[in-house]
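The values are calculated or read from the model by the stated rules, or taken from the named source; none is laboratory data. These figures come from a predicted structure and were not determined experimentally. Note that we place each Cβ from the backbone using ideal geometry, even for glycine, and neighbour counts take in every protein chain shown. Ligands, DNA and RNA are excluded from the accessible area calculation, which covers all protein heavy atoms including side chains. Shrake-Rupley method; radii C 1.70, N 1.55, O 1.52, S 1.80 Å.
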Amino acid sequence: MEETMLKIDNVSKLYKLGQIGGTTLREDLQRLSARLRGKEDPTKRIGARSYKKGETLLALDGVSFEVKKGERVGVIGHNGAGKSTLLKLISRVTAPTGGRIDMNGRVASMLEVGTGFHPELTGRENIYMNGAILGMTKKEIDTKVEQIIDFSECRQFIDTPVKRYSSGMYVKLAFSVSAHLESEIMIMDEVLAVGDMAFQKKCLDKMNDVSRTNGRTILYVSHNMNTIRELCNRLIVLDQGKVTFDGTVEEGIAMYMETSFHNELSIDYSNIPRYAFLRNSKIRTTYTAFVDGRNVFEHDEKMRILFRWINEKDVTNLCLRIEILTLDRTPIGTMFLYDFYDGCQNDQGKVCVSVDLSSIAPGRYTMYCNFFQRDKHGHTSTADCVQGLCFEVFPYRDIVWNKKRWGSIMLPGLQIQAFEKKTIKPDI
C-alpha cells in the first residue's frame, strides 16, 4: 500500500475583503482610527474600490484530495481559481478557515520569487538558513551546498547579498535550494516562468529525477500545459475554489481547454480594466466582433473581425498585430496590418480585417490583439492591447487532425515532381 504524504480534507479559505487583517498592524490601526472618526481610509490606494463591511471571498470551498509518495501532481485552473491559495495553505503561510491538512514529511516550497530568502544575507547564508528551517543540521547542509551552488549557476555571486540578484538569479538559487535540501514534499508555483528556457528544462529534469529516484512528492502549479505534460503524472483542475477534476493529465487538460473556450461573438471593452503600463495609452479599444455573426469557420473561409476604438491622444501610423494562440496559450502565428490609420484626439476609429485560415489546422483557438504605432525608424510603441475572441476551425476534407502529433500549422500541400506507374506481368 502506497504511503500517503498529503491529505487535504474539506479545506476552505475565506477572506474578508478590505477588512482589518489585510495589511500591517500599523496600517490596520490607522484604518481603525480613521473609521472611528468618520474619516477616509488613509491607507487606501488611489482608484481602489471601497469594500462594504462583511464583504468576503471564498477562495477555496471544500477541497479534498490525497497525494501518495512519489506522485507528481499538477494543479491548473483559471486566474482566481484558488491554486496559489491552496499552496499557501499547504506551505503553512496562512491557515485554512475550515477543514484539515495532514502532511507526512518536510515541505520545501517555492511560491514566488524570493520566498524564504532574507535580502540582506548572501546566497550561501540563505542556503544554510533554509536548511535550518527544514530541520537539517549544518553538517547535513555542508554535504549539499556545493551541489546547490553548481546547479544554480550563481557561483560567481554566491557570497553577494541576494538583494542585488536579478529575478532570474533569485529563481535559480531558490529552486536549487528547494530541489537539493532534504524534504519529502516539494511545492512549486509559477515562478519557473521567470527563468530562461534552458534552466526551465534543467529544473523539470531535476524534479522528475528526485521524484523517481528519491520518491519525492511534487505539487506543481502552472499555466504552461507543456511543462504539466512533461512533469506530472496526475492533474487536479480547480475552478472557483472547487476541485472539478482529479485524474489523468490529458483528460484534465482537455477538460480545462473546453472551459477556456468562450462562445462570445463580440466583446465590449468599455469597462474592462487595462494593464498598468497602458494607463497612458494612445487609443482605447471599445468593441470587437465577428462580422459574420459566428465563431466557427470552414478551413478555406476568411474570418472577418471588426474593431472600434476611441483616440485618447493624436494617433499616426496606427498598426494592428493579431496573435493566434491555442487555448493553452501556445502561440502558433501572428498577422500584421501596417500604417492603416491617422486620427486626432477624441476621434472614433473603426476597421474590419480579414484573416486567412487556410494554414491553421482544425481546432479551437483564441486571439490577442495589439494596436501599436511605429516611427520612420521602425521603432514601435504599444497603443492598446486586449484579449480577443475565441474561434474554431472545421476539419479540412474530413481529416481527423491529430494536433498533438502534427501541430497546429498546415504547411502547403505536397506537389508531385515525378510519378511512375508500372504493371508487373505475372510469370506463366
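List of remarks:
- Annotation note: chymotrypsin sites (Phe, Trp or Tyr not before Pro) in the stretch 241-305 located in DSSP loop regions with a Cβ neighbour count of at most 14 within 10 Å are 261, 275.
- Protein accessible area in the stretch 331-428, 1.4 Å probe - carbon and sulfur %: 52
- Residue separation of residue 140 and residue 257 scaled by 0.36 nm, minus their Cα-Cα distance, works out to 37.7 nm of gained length.
- Taking 0.36 nm per residue of separation and subtracting the current Cα-Cα distance, fully stretching the chain between residue 240 and residue 204 would add 10.1 nm.
- The residue among 30, 345, 273 whose Cα reaches farthest toward the positive pole of the charge dipole of the chain, with charges on the beta-carbon of Lys, Arg, Asp and Glu, is 30.
- Length added when fully stretched, residue 197-residue 358, from 0.36 nm per residue minus Cα-Cα: 54.9 nm
- Violating pairs (Cα-Cα greater than 25 angstrom) within the set 83/206; 139/206; 69/163: 69/163
- Among 160, 248, 380, residue whose mean-square fluctuation peaks in a GNM of the chain (springs only between Cα atoms under 10 Å): 380
- Here residue 302 is the anchor, and the aspartates and glutamates within straight C-alpha reach of less than 12 Å, apart from those fewer than 8 places off in the same chain, are 292, 356.
- Whole-percent carbon and sulfur share, accessible surface of the stretch 83-208, 1.4 Å: 51
- Estimated FRET transfer efficiency when R0 is 45 angstrom, pair residue 406-residue 350 (beta carbons, to 0.05): 0.75
- In this structure the amide hydrogen of residue 97, modeled in the peptide plane, comes within under 5 Å of the amide hydrogens of 12, 13, 14, none closer than 5 places in sequence on its chain.
- Taking amide hydrogens as placed 1.01 Å from N in the peptide plane, the amide H of residue 312 sits under 5 Å from those of 283, 284, 346, each at least 5 positions away in sequence or on another chain.
- For Rg and Dmax of the Cα atoms in Å, calculated from these coordinates, the label among [x] 28.5, 98; [y] 22.9, 73; [z] 26.6, 113: [z]
- For the chain, the membrane-span-like helix rule (DSSP H, alpha carbon extent of at least 24 Å along the helix axis, mean Kyte-Doolittle at least -1.0) picks out 197-214; this says nothing about an actual membrane.
- Taking amide hydrogens as placed 1.01 Å from N in the peptide plane, the amide H of residue 299 sits under 5 Å from those of 394, each at least 5 positions away in sequence or on another chain.
- Only Lys, Arg (+1) and Asp, Glu (-1) charged, at Cβ; the chain dipole about Cα centre in debye: 960
- Separation in nanometres of the label points that stand 7 Å from Cα toward Cβ, at residue 160 and residue 27: 3.1
- In nm, spacing of pseudo-spin labels at residue 78 and residue 418 (7 Å Cα→C-beta vector): 5.7
- Per residue, the accessible area of the chain comes to 57 Å² when a 1.4 Å probe rolls over the protein heavy atoms.
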